[in-house]
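Okay, so here's the structure we're looking at.
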Amino acid sequence: MKLINTVEDFQKVRKTLDKSIGFVPTMGNLHEGHSSLLLKSKTANDITILSIFINPTQFNNEDDFKHYPKTLAEDCKLAESLKVDYLFMPSPSDIYPDKYTFKVSELNTSSILEGKHRPGHFEGMLTIVLKLLLIIRPTRAYFGEKDFQQLILVRKMVEAFFIKTEIIGCPTIRNKNGLPLSSRNSRLSAEQFERAQMFPKLLHTSESTEMIVNQLISAGFEVDYIEDYQNRRFAAVSLDGIRLIDNISLEAI
Ligand code: PAF
């Protein structure tokens, strides 16, 4: 695996690549969910590129950004073991030479659900994904369905800006109790982690969203939203300030 730390170096390497490229953008702290995206990329493309970049512009909460888990040594080992070809890890100043004066805004889907509760999050996310797609120029890019609204927005942006990359959505990977794997799970204490198992269980019940909200609140969760939208149930909660999101197809209920 070749490590590349600057946009300039990556662009030099990119000129030499004329095969199909699969790209998995991440913010690191890799887990089985990321592995599943990398394995999908490995089977469908000649070259697999992983990026690790904790994107400051998509955090609307300073504490969340400060405490975002960083496990670089383990991430490199995992990427090596999965035979990733290139690991791209640029710095914020390299990615934002304009100091984030240019940004991508979407005026429809980004104002509901996550967008309503995390002002600026989707602007930051779409901006970094656009920049990465323009730098990497992959044949296919892989995104987990855990961030389903992100996936919808990335697909719409790629269509709007005539970007050639095919966006592949991949199923959410869950633990044995149905809790989606997420980098933020590693911030939960043992007791919080135990309590978090109730979140997907309640989400999958056929109760109304109002009933689910009440039960989650009684179990000590703060609830941002539980909303049914376009045949899916979307949810975001916090446990002592640590935010968890999930979504399921309403057909799974
Ligand atoms: O899903 C994520 O980890 C991030 O939003 C992404 C797509 C890597 C952009 O920073």
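The values are calculated or read from the model by the stated rules, or taken from the named source; none is laboratory data. Keep in mind the model is a prediction, meaning the values are calculated, not measured. When we count neighbours, we look across all protein chains shown, and the Cβ atoms used for this are built from the backbone with ideal geometry, even at glycine. Accessible surface areas use protein heavy atoms only, side chains included; no ligands, DNA or RNA. Shrake-Rupley method; radii C 1.70, N 1.55, O 1.52, S 1.80 Å.
Each row is one residue, and each column tells you yes or no for (1) of a type in the set (F, W, Y); (2) closer than 13 Å to F143 by Cβ; (3) within 16 Å of the ligand (Cβ to nearest atom).
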position: S20; (1), (2), (3): no, no, no
position: V24; (1), (2), (3): no, yes, yes
position: G28; (1), (2), (3): no, no, yes
position: S35; (1), (2), (3): no, no, yes
position: K40; (1), (2), (3): no, yes, yes
position: T48; (1), (2), (3): no, no, yes
position: S51; (1), (2), (3): no, yes, yes
position: I54; (1), (2), (3): no, no, yes
position: F59; (1), (2), (3): yes, no, yes
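What's the number of the condition N214 fails, among (1) open to solvent by less than 70 Å² (accessible area, probe 1.4 Å); (2) away from the ligand (no atom under 16 Å from the Cβ)?
Every condition holds for N214 apart from (1).
Restricting attention to segment 135-163, which residues are away from the ligand (no atom under 14 Å from the Cβ) and free of Cβ contacts under 8 Å to residues at least 24 places away in the same chain?
E159, A160, F162
Given the conditions (1) at pLDDT below 95; (2) within 16 Å of the ligand (Cβ to nearest atom), which single one is not true for S206?
Going through the list (1) at pLDDT below 95; (2) within 16 Å of the ligand (Cβ to nearest atom), S206 breaks only (2).
For segment 169-184, give me each residue that is open to solvent by 20 Å² or more (accessible area, probe 1.4 Å) and out of contact with any Phe, Trp or Tyr (no Cβ under 7 Å at 6 or more places or on another chain).
Selection gives P171, T172, I173, R174, N175, K176, N177, L181, S182, R184.
Would you mind listing the helices (runs of 4 or more DSSP H) fully within segment 110-163 where at least 3 residues are in contact with a Ser or Thr (Cβ under 9 Å, 6 or more places away or on another chain)?
121-136, 148-160
State all residues of segment 98-122 that are in contact (Cβ under 8 Å) with a residue 40 or more places away in the chain and either open to solvent by 60 Å² or more (accessible area, probe 1.4 Å) or farther than 19 Å from R155 by Cα (or both); if no residue qualifies, say none.
Selection gives Y100, K103, K116, H117, R118, P119.
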